Amino acid sequence: MPFIQCHIPSGLTKARKTQLIRDIVKVTNQSIGSDPKIINVLLTEHAPENMSISGRIHGEQAGKAELVGT
């Protein structure tokens, strides 16, 4: 029984989240053959300012991030 956690920035519409879940279930089924009825997906939304991508906080430009302790 696959259990997939997906952490996303808040703000996606219900339709986009529904499509994301459907896509994850489809790809998982295609990849490992699990029955879609037993594939579980959990979306966890986070405020963009609470997320860091490639060492940058929301709104920071590439090359502007400063590492703590450097």
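The values are calculated or read from the model by the stated rules, or taken from the named source; none is laboratory data. Predicted model only: the values in this text are computed from it and were never measured. Because the Cβ atoms are built from the backbone with ideal geometry, glycine has one as well, and the counts that use them run over all protein chains shown. For accessibility, only protein heavy atoms count, side chains too; no ligands or nucleic acids. Shrake-Rupley method; radii C 1.70, N 1.55, O 1.52, S 1.80 Å.
Filtered by the rule that a residue be exposed (fewer than 10 other Cβ atoms within 10 Å of the Cβ) and among the basic types (Lys, Arg), region 1-17 gives a lone residue, LYS14.
If you go through region 18-57 and keep only what is open to solvent by 70 Å² or more (accessible area, probe 1.4 Å), outside any loop (DSSP other than H, G, I, E, B) and either modelled with pLDDT under 95 or small (Gly, Ala, Ser) (or both), you end up with SER31, GLU49, ASN50, SER52, ILE53, ARG56, ILE57.
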